Amino acid sequence: MLEKILYQTAATATGGRDGAASFADSDATFALAAPKALGGNGEGVNPEQLFAAGYAACFLSALKHVAAAQKIDVPAEANTEVSVGLGPRSDGGFGLKVDISVDLPGMAAEQAETLIATAHQVCPYSNATRGNLDITPRLKAVA
C-alpha cells in the first residue's frame, strides 16, 4: 500500500510485559512491566503506554502538517492526549479502545474541528487502525 518507505525502524521486546524493549536505531531501552490493573508491579512502561505516546505524537504532527499546508498557525500550546484501554472482546481475545482529545487553545472551534478531521485522514496511526478501532478524535472541551 505504501508508495515508498520514508523511514523504517524496528523494536525488539524480550520477556513480554515484564521484560524490556529496545530500538534498532536508538540507544533508548525501556523496562517493561505489566500495569497494576493487570496484576503487574507497574514499575516500567507497558505496550499501551507506548502506543498512546506514539499515536499522540504522530497525530499532532499530522495536524501540524495539515495546518501548514493550509497556511494555518497551530498554537504553540497545542497538545494531543490519546487514551488507550485494554480489555476482553466479546468474540474472544483482547482488544483496544482508543480516544483522542486535541487541545488547540485560542483556535476557533470550527477551524480546529476541521483540522482534526483532516489530520485523522492523514495520520499513519489513524490509517493503520481505521476499520479495526472506532476512533473519533475530538476537540478538547474548553472550560
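Please treat every number below as a calculation from the coordinates, not as lab data. These numbers come from a predicted model, not from an experiment. Note that we place each Cβ from the backbone using ideal geometry, even for glycine, and neighbour counts take in every protein chain shown.
Some notes on this structure:
- Projected area, mean over directions - the chain, Cα convex hull, nm²: 11.3
- The chain: Lys pairs at Cα distance under 24 angstrom, eight or more positions apart or on different chains: 5
- Cα-based helix-to-principal-axis angle, 47-69 vs the chain, degrees rounded to 10: 20
- Debye equation applied to the C-alpha atoms of the stretch 25-109, log10 I(q)/I(0) at 0.13, 0.19, 0.20, 0.24 Å⁻¹: -0.60, -0.95, -0.99, -1.16
- Residue-wise HN-Hα coupling along the stretch 5-15, computed from phi with Karplus coefficients 6.51, -1.76, 1.60 (Hz; x: Gly, Pro): 8, 8, 7, 9, 9, 9, 10, 10, 10, 10, x
- Our helix-only sum for the chain, with -39,500 (n - 2.57) per DSSP H run of n ≥ 4 divided by its residues, gives a mean residue ellipticity at 222 nm of -9500 deg cm²/dmol.
- Distances between every pair of Cα atoms in the stretch 76-139, grouped in 5 Å steps from 0 to the bin holding the largest one, split as 4, 16, 24, 23, 14, 10, 5, 3, 1 percent.
- Hydrodynamic estimate: the Kirkwood radius of the stretch 1-70 over Cα pairs, inserted into Stokes-Einstein at 10 °C and 1.306 mPa s, corresponds to D of 112 µm²/s.
- With a simple spin-label model that places each label point 7 Å from the Cα along the Cα-to-Cβ direction, the separation between Glu113 and Glu43 comes to 4.8 nm.
- When you filter the trypsin sites (Lys or Arg not before Pro) in the stretch 1-40 for DSSP loop state and at most 14 other Cβ atoms inside 10 Å of their Cβ, you are left with Lys4.
- Using a Gaussian network model of the chain in which every pair of alpha carbons under 10 angstrom is joined by a spring, one finds that among Ala78, Ala69, Ala28 the greatest mean-square fluctuation is at Ala28.
- In the elastic network of the chain, a GNM with C-alpha springs shorter than 10 Å, the most mobile of Ala109, Ala11, Ala119 is Ala11.
- Subtracting the Cα-Cα distance of Ala11 and Asp25 from their residue separation scaled by 0.36 nm leaves 4.2 nm.
- Spin-label model, Leu86 to Ala68: label points 7 Å out along the Cα-to-beta-carbon direction sit 3.4 nm apart.
- DSSP finds beta bridges in the chain, and of those with both partners inside it, around 80 percent are antiparallel.
- Top of Asp73, Asp91, Asp25 by mean-square fluctuation, Gaussian network on the chain, Cα under 10 Å: Asp91
- Estimated translational D of the stretch 52-99 in µm²/s (Stokes, Kirkwood radius over Cα pairs; 4 °C; 1.567 mPa s): 103
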